[in-house]
Structure formats: structure tokens, C-alpha cells
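J.: Can you keep this structure in mind? I'll have questions shortly.
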Amino acid sequence: MAQLLQFISSGLTVGAIYALVGLGFTLIYKASDIINFAQGEFVMLGGMTTVFVGAAGVPLPLAALIAVAVTTAIGLALHRFAVAPARGASPVVLIMITIGASVFLRGIAQIVFDKRFHSLPPLIDSDPIQFGGAAILPQSLVVLASATVIVIVLWLFIDRTLLGKAVIATAANRLAARLVGIDTRRIVDFSFAVSAAIGAIAGILITPIALTSYDAGTLLALKGFAAAMLGGIGSAPGAVVGGLSLGMIEAFSAGYLSSNYKDAVAFLIILLVLFWMPQGLFGRAKIERV
Amino acid sequence: MIALGIVIIVVPAFFPSAYYYRIGALVFIFALAVVGLNLLMGFAGQVSLGHAGFLGIGAYAVSVGPVHVGMPPWLSLLAGAIVSGVVAFVVGRPILRLAGHYLAVATLGFGLLIAIVLTNEATWTGGPDGMSVPALILFGWRVHGSVAWYWIAAATFMGGFLLALNLMDSPTGRALQAIHDSEIAARVLGIDVARQKLLIFVISAIYASVAGSYLALFNGLITPDVAGFLRSIELVAMVVLGGMGSIVGSLVGAAVLVVLPQILTVFQEYEQALLGLIVMVFMIFLRGGIVPSLVASFAGWRK
């Protein structure tokens with residue numbers, strides 16, 4: 001029982017991060033049909049920038065804010081200078097551009113920062129909470145609470161504001177959105193900026209638990225992507241449920257099967273989901289017209 | 001075609017040292033894998049972000065075979081190619097039903113699974129540290145050195161190149177190009193789309209596997225990185241850089257991405273950043289790839 005609780009708590013923590021990364025994917029995909037493989041680099045940049053700005057003597061909360069701002073600017077630049085000029089290119093070309101961007105950002109991070117692993121002090125520095133025999137890190141609760149807040153804020157924003165409605169319109173039909181006077185280019189700009197910010201926050205949250213380094217982004221991006229895929233790509237609730245499930249599945253397979261193969265589980269799931277229900281848990285089946 | 005043969009034979013005359021043969025051999029080895037991938041991407045229009053997985057199968061076949069099973073290297077190379085083909089056949093059936101991003105992700109997941117298995121089965125593969133590969137022995141001749149490998153890789157590449165050209169001119173090739181243009185139209189014409197896609201997937205897997213075996217035999221050492229995500233990306237980048245659907249482009253793309261890092265070692269620190277930048281810039285401004293763009297501008301200039 002204690003063990004079970006332990007796995008659930010660690011699974012949910014990691015899962016929340018996957019969910020945030022998956023949400024970032026979803027946002028950009030909805031607005032522009034682009035799968036942004038540099039999503040993991042946003043997470044890395046969030047963590048690394050906070051570490052280094054903090055090390056320069058800036059108080060941590062301010063450093064975290066700066067990190068989010070920097071990452072958001074980079075996300076915006078990624079769209080403006082790399083993705084937007086290639087509008088209308090084939091999916092392979094767009095995938096290669098974002099992959100190129102991810103390799104580029106990793107290379108820059110390696111130069112600007114360094115190649116070592118870094119950590120941050122947890123937000124609440126206290127002993128693990130004992131709960132039913134399981135030890136739960138306070139930072140885990142911080143991660144879960146923050147992820148919940150982000151999801152709710154994002155949902156309120158999309159559902160309740162005019163800009164949010166423009167995002168929905170753009171996602172539904174770009175041409176129609178442009179016809180009713182929505183500047184779809186700015187909407188895509190916006191989606192890149194917000195997903196970069198979400199990624200950065202995820203990076204800052206997870207660093208006290210999981211460490212970060214210049215190349216931490218790749219695996220996180222793939223996991224977040226698996227989460228989005230599992231939930232059904234393009235579905236925001238799907239990304240959240242997918243992320244949490246993936247985190248749990250990973251934690252359980254690491255605990256009960258083999259910790260060496262915990263990473264393999266994520267990808268095995270991607271394959272199985274794609275084979276049996278390509279539209280994911282929450283996605284709608286796509287009907288192709290000729 | 002003949003021009004290419006002449007280039008392969010003449011260029012080494014200008015190689016000042018064995019180091020250049022080494023680079024040349026690497027170019028041809030990668031070009032072989034890229035030709036295979038180009039058949040899949042450029043002609044059949046199917047993406048694979050996990051092709052390094054097959055590179056890995058081929059590479060580990062020639063090391064695990066001789067070391068653990070006692071098979072001679074050349075037989076292991078064949079065995080690796082067969083295993084890759086069979087794996088591609090089994091996995092390809094469900095994977096190739098997918099399209100676009102989904103296909104990209106499924107192949108990516110598949111490639112990563114292979115890399116993870118290679119990393120974790122340490123008793124067979126030496127784990128993350130990799131293992132050394134015994135030299136290739138052909139008819140009692142122990143193949144070693146960059147010069148020998150240059151010629152072997154070049155000859156094999158030419159073979160693969162010819163095979164690819166002929167394949168594209170065959171009914172299969174035409175069927176594949178029809179699938180590329182419109183899968184539904186191809187189906188309406190009576191083409192067994194699933195079978196043709198599977199066939200080309202298996203063929204491209206075998207190309208990659210042979211290239212992987214060569215790479216391992218040539219380097220004498222392999223690590224699971226050979227099957228990693230970055231390797232897969234590198235292969236796709238080579239295809240797209242050279243030009244999708246251009247077999248000559250495969251050689252050009254491989255040459256650019258093999259030679260470039262060698263030049264960039266001067267800027268060692270900046271290597272990754274520059275590589276990423278180059279991929280981005282090429283994709284934005286030279287979307288069609290180097291060779292097709294050159295051909296197009298040449299045709300325009302002649303008018």
C-alpha cells in the first residue's frame with residue numbers, strides 16, 4: 001500500500017510535467033498544424049536560465065520570471081524567424097525546421113551555460129511529508145498545484161476572452177478565421193509564446209526534483225509528445241490526461257518491472273496507441289476528403 | 001551515372017592523406033543509408049524518424065554475431081540485413097497505415113525502442129559503453145584501413161545507387177510515385193498501396209542495415225548512439241538537404257553533413273549550434289534540397 005502510494009505520487013509529479021509539455025505541443029499544433037520538436041528545449045531553457053541567473057546573484061523568484069520572459073521571447077523568435085518564413089512547406093520540412101531549432105538551441109545552451117547537471121532549491125524546503133507510509137516531496141505538491149493552476153488559467157483564458165476565442169477560431173479553420181478579420185499570424189505568434197512560457201515554467205518546477213542540463217530537453221519533448229499523442233493530438237484535456245497517465249505508467253513500470261526500461265514504456269505506448277486507436281483517447285477521428 | 005563513377009575513381013587521386021579516404025568512406029556509407037531512406041521519403045512519400053534503428057541493427061549484428069555467436073562477419077552482415085528486413089516487415093504493416101505526423105512519431109518511437117534495448121542489454125551489447133567490432137575478413141583478407149574501406153563503401157554505394165535507379169523505373173517505382181502524389185488516386189488505379197509501401201520500407205531498412213554494418217566494421221567500435229534519435233534526424237536531414245526524390249541528392253546530402261562537422265571541429269564549441277542553424281537555414285531557403293534546386297536553376301538559365 002505504501003509502495004503503491006509512493007509510485008502514484010512520483011508518477012503524478014512527473015506526469016504533471018509531461019502534461020505541461022504536451023499542452024505546449026497541443027497549443028502550437030492547434031493554431032498552426034505544426035509539431036514543434038523544440039518544445040523540450042523550452043523546458044530546458046526555463047530550468048537552465050533560472051539556475052544561471054540565480055547564480056549571478058539575482059533572487060530566485062526574479063530569476064524564474066526572467067527565465068520565463070527569455071524563453072517566451074525565444075519561442076516568439078522561433079516562430080517569426082524560422083517557422084513563419086516556411087509557411088506552406090510540407091510537414092517534413094516543418095518538422096526538420098523545428099528539429100534544427102532544437103539542435104541549435106541545445107548548441108547555444110551548451111555555449112552560454114555549460115555541460116554540467118544543475119539543480120535548484122525546492123520552493124518549500126522541508127522534509128518529505130509522510131502519508132500512509134509513503135514519503136512525498138513538498139516540491140511534488142508544488143508541481144501538481146502549479147500545473148493545475150496553469151491548466152485552469154489557460155482554460156479560462158481560451159474559453160472566456162476574445163483572444164482565446166480567436167485562437168479557437170484559428171484552430172478550427174484558418175481561412176475562415178482570416179475572413180472574419182482575425183490576424184492568424186499573430187495568433188500563431190501568441191501560441192508559440194504561450195507554449196514557450198508553459199514549457200519554461202515546467203522546466204523551473206521540475207529542476208529541484210530531476211536536475212537539468214543542456215540536453216535535458218530531448219527526452220522530455222518526446223515524453224510530452226507521447227502524452228499529447230496518448231490523449232489525442234490537438235486535444236488539451238487529452239494532453240493533461242495523457243501526461244498524467246504516462247507519468248503513472250512509467251512510475252509503475254519502473255517500480256514493478258524494470259527501471260532500465262521505464263523510458264521504453266513511453267514509446268511502446270505511443271506505438272500501441274497509434275496502432276489501435278490513432279486518434280488517441282480524446283481525439284476525434286479524422287475523415288480525409290479527396 | 002558514368003560521371004559519378006569517374007568522380008569516385010578520380011577524386012582519391014587528390015587525397016593528400018588517409019584521413020581524406022576515411023571521410024570519403026564515411027560519406028559513401030551514410031549515402032547508402034540515405035539512398036534507402038530517400039526511396040521511402042522521396043519516392044513513396046513516407047517519413048521515418050527512426051531509421052537509425054535499422055542502422056543500429058546492422059551495426060550490432062556484425063559485432064554481436066562474431067563475438068557472441070561465432071558467426072563470420074560477412075555472414076553476420078547478411079544476417080543483420082535479414083533481421084532488419086524482417087523487423088521492418090513486421091513493424092511496417094501497422095506503422096505504414098499511419099500518415100503525416102503520426103507516421104513520424106510512430107517511427108520515432110520505434111527507433112528509440114531499439115536504441116533503448118541496445119543500451120540496456122549490456123550482456124550482449126556492452127551497454128552504453130558499446131563494444132568493439134572484429135574486422136571484416138573476406139576470402140582470407142582482413143579488411144582494414146581507410147583506403148580499403150573507401151573502395152568497398154564506394155563500390156557498395158554504386159551498387160545500391162544502380163539498384164535504386166532501376167527500382168524507380170520498375171512498375172513498383174511508378175506505383176510508389178503514384179502513392180506519393182495521391183494515395184487515394186493510387187488505390188483507385190488498383191495499386192495495392194499497403195503492399196508497395198511495406199516493400200519499400202523493407203528495402204530501405206536493408207539499405208540502412210548494411211550501412212550500419214559497414215559503419216561498425218569500419219570504425220571497429222560501436223555505441224548505442226548509432227541507433228539514437230540524433231542519428232535518425234541526421235539521416236532525414238541528409239535526405240532533405242540533398243533533395244527528396246533525388247538519388248544523386250542523397251550522396252550530396254550525406255557529403256555535406258559528413259564533411260561539415262569535420263570542418264566545424266575548428267569551432268568545436270559551436271558545432272551543434274552551427275549544425276542546427278544550417279539545417280534550419282537550408283530548410284527555410286532551399287526547401288527542395290540542393291540537387292533539385294540546382295537542376296531547376298540550371299534549366300531556367302538555359303532557356
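J.: Run down B:Ala208, B:Ala186, B:Ala148, B:Ala178 and say which single residue is among the small types (Gly, Ala, Ser), at pLDDT below 85 and in contact with a Leu (Cβ under 7 Å, 6 or more places away or on another chain). First the steps, then the outcome.
T.: On the way: B:Ala208 fails: at pLDDT below 85; B:Ala186 fails: in contact with a Leu (Cβ under 7 Å, 6 or more places away or on another chain); B:Ala148 fails: in contact with a Leu (Cβ under 7 Å, 6 or more places away or on another chain).
Of the residues listed, the single one that is among the small types (Gly, Ala, Ser), at pLDDT below 85 and in contact with a Leu (Cβ under 7 Å, 6 or more places away or on another chain) is B:Ala178.
J.: What number of residues within segment A:239-281 satisfy the criterion of being under 17 Å from the mean Cα position of the chain (by Cα) and farther than 20 Å from A:Thr13 by Cβ?
T.: 2
J.: For segment B:126-219, give me every one of the helices (runs of 4 or more DSSP H) that falls completely inside it and has 1 or more residues that are within 14 Å of chain A (Cβ to nearest Cβ).
T.: Working: elements: B:146-169, B:171-181, B:183-188, B:193-219.
Fully inside segment B:126-219 and qualifying: B:171-181, B:183-188, B:193-219.
J.: While we're here: Residue under question is A:Arg106, and the condition is that it be of a type in the set (Lys, Arg) and surrounded by 13 or more Cβ atoms within 10 Å (Cβ to Cβ); does it hold?
T.: On the way: of a type in the set (Lys, Arg): yes; surrounded by 13 or more Cβ atoms within 10 Å (Cβ to Cβ): yes.
When the stated conditions are applied, A:Arg106 passes them.
J.: Tell me which residues, restricted to segment A:204-236, are closer than 26 Å to A:Arg116 by Cβ and more than 13 Å from the chain's Cα centre (by Cα). Working first, answer last.
T.: Going through segment A:204-236, the residues closer than 26 Å to A:Arg116 by Cβ turn out to be A:204-224.
A:Thr207, A:Pro208, A:Ile209, A:Ala210, A:Leu211, A:Thr212, A:Ser213, A:Tyr214, A:Asp215, listed by residue number.
J.: Which number in (1) within 25 Å of B:Val248 (Cα to Cα); (2) touching a Leu at 6+ places or on another chain (Cβ under 7 Å); (3) assigned to a helix (DSSP H, G or I) marks the one condition that B:Val10 misses?
T.: Exception for B:Val10: condition (2).
J.: Checking A:Phe52 against (1) surrounded by 21 or more Cβ atoms within 10 Å (Cβ to Cβ); (2) touching a residue at least 12 places away in the same chain (Cβ under 8 Å), which single condition isn't satisfied?
T.: Status for A:Phe52: all satisfied but (1).
J.: Kindly establish whether A:Ser140 is among the polar types (S, T, N, Q), surrounded by fewer than 16 Cβ atoms within 10 Å (Cβ to Cβ) and at pLDDT below 85. Write out each step before concluding.
T.: On the way: among the polar types (S, T, N, Q): yes; surrounded by fewer than 16 Cβ atoms within 10 Å (Cβ to Cβ): no; at pLDDT below 85: yes.
Judged against the criteria, A:Ser140 is not a match.
J.: Please count how many residues of segment A:80-129 are more than 10 Å from chain B (Cβ to nearest Cβ) and of a type in the set (S, T, N, Q).
T.: 2
J.: Would it be correct to say that B:Leu37 is of a type in the set (A, V, I, L, M), modelled with pLDDT of 85 or more and farther than 15 Å from B:Leu215 by Cα? Let's see the steps before the verdict.
T.: Details: of a type in the set (A, V, I, L, M): yes; modelled with pLDDT of 85 or more: yes; farther than 15 Å from B:Leu215 by Cα: yes.
Here the answer is yes, as B:Leu37 does meet what is asked.
J.: For segment A:137-167, which residues satisfy the criterion of being of a type in the set (Val, Ile, Thr) and either in contact with a strand residue (DSSP E or B) (Cβ under 7 Å, 6 or more places away or on another chain) or within 19 Å of A:His79 (Cβ to Cβ) (or both)?
T.: The answer is A:Ile158, A:Val167.
J.: Which condition does A:His118 not pass, out of (1) surrounded by fewer than 20 Cβ atoms within 10 Å (Cβ to Cβ); (2) farther than 19 Å from A:Thr218 by Cβ, if it passes all the others?
T.: (2)
J.: Would you point out which residue out of A:Gly47, A:Gly40 is more than 12 Å from every other protein chain (Cβ to nearest Cβ) and not aliphatic (A, V, I, L, M)?
T.: Working: A:Gly40 fails: more than 12 Å from every other protein chain (Cβ to nearest Cβ).
Going through A:Gly47, A:Gly40 in turn, just one is more than 12 Å from every other protein chain (Cβ to nearest Cβ) and not aliphatic (A, V, I, L, M): A:Gly47.
J.: Looking only at segment A:202-221, which residues are surrounded by fewer than 24 Cβ atoms within 10 Å (Cβ to Cβ) and either part of a helix (DSSP H, G or I) or in contact with a Ser or Thr (Cβ under 7 Å, 6 or more places away or on another chain) (or both)? Give the steps one after another, and end with the answer.
T.: At the first step, the residues of segment A:202-221 found to be surrounded by fewer than 24 Cβ atoms within 10 Å (Cβ to Cβ) are A:208-211, A:213, A:215, A:218-219.
A:Pro208, A:Ile209, A:Ala210, A:Leu211, A:Thr218, A:Leu219 - these are the residues of segment A:202-221 that are surrounded by fewer than 24 Cβ atoms within 10 Å (Cβ to Cβ) and either part of a helix (DSSP H, G or I) or in contact with a Ser or Thr (Cβ under 7 Å, 6 or more places away or on another chain) (or both).
J.: Only one of these is in contact with a Phe, Trp or Tyr (Cβ under 9 Å, 6 or more places away or on another chain), at the interface with chain B (Cβ under 10 Å from one of its Cβ atoms) and either over 28 Å from A:Leu141 (Cα atoms) or at pLDDT 85 or above (or both): A:Leu271, A:Leu244, A:Leu222. Name it. Walk me through how you get there before you give the answer.
T.: On the way: A:Leu244 fails: at the interface with chain B (Cβ under 10 Å from one of its Cβ atoms); A:Leu222 fails: either over 28 Å from A:Leu141 (Cα atoms) or at pLDDT 85 or above (or both).
Matching residue, one of A:Leu271, A:Leu244, A:Leu222: A:Leu271.
J.: Quick check on B:Ser84: is it within 18 Å of the chain's Cα centre (by Cα), modelled with pLDDT of 80 or more, in a helix (DSSP H, G or I) and of a type in the set (S, T, N, Q)? Reasoning before the result, please.
T.: Values: within 18 Å of the chain's Cα centre (by Cα): yes; modelled with pLDDT of 80 or more: yes; in a helix (DSSP H, G or I): yes; of a type in the set (S, T, N, Q): yes.
So B:Ser84 fits the description; yes.
J.: Something else now. If I ask for residues that are within 12 Å of the chain's Cα centre (by Cα) and over 15 Å from B:Ser84 (Cα atoms), which ones from segment B:191-225 would you list? First the steps, then the outcome.
T.: Just the residues of segment B:191-225 that are within 12 Å of the chain's Cα centre (by Cα), to begin with: B:203-215.
Residue satisfying the conditions is B:Leu215 alone.
J.: Return yes or no: is B:Ala25 buried (at least 18 other Cβ atoms within 10 Å of the Cβ), away from chain A (no Cβ under 14 Å), in a helix (DSSP H, G or I) and modelled with pLDDT of 90 or more?
T.: Details: buried (at least 18 other Cβ atoms within 10 Å of the Cβ): yes; away from chain A (no Cβ under 14 Å): yes; in a helix (DSSP H, G or I): yes; modelled with pLDDT of 90 or more: no.
Answer is no for this residue.
J.: Report the residue count in segment B:286-303 for those that are more than 14 Å from every other protein chain (Cβ to nearest Cβ), assigned to a helix (DSSP H, G or I) and either in contact with a Cys (Cβ under 8 Å, 6 or more places away or on another chain) or surrounded by fewer than 19 Cβ atoms within 10 Å (Cβ to Cβ) (or both).
T.: Within segment B:286-303, residues that are more than 14 Å from every other protein chain (Cβ to nearest Cβ), assigned to a helix (DSSP H, G or I) and either in contact with a Cys (Cβ under 8 Å, 6 or more places away or on another chain) or surrounded by fewer than 19 Cβ atoms within 10 Å (Cβ to Cβ) (or both) number 9.
J.: How many residues are surrounded by 15 or more Cβ atoms within 10 Å (Cβ to Cβ) and more than 10 Å from every other protein chain (Cβ to nearest Cβ) if we restrict to segment B:262-285?
T.: Residues that pass the stated criteria total 1.
The values are calculated or read from the model by the stated rules, or taken from the named source; none is laboratory data. This structure is a prediction, so every number in the text was calculated from the model and none was measured. Cβ atoms come from the backbone with ideal geometry, glycine included; neighbour counts cover every protein chain shown.
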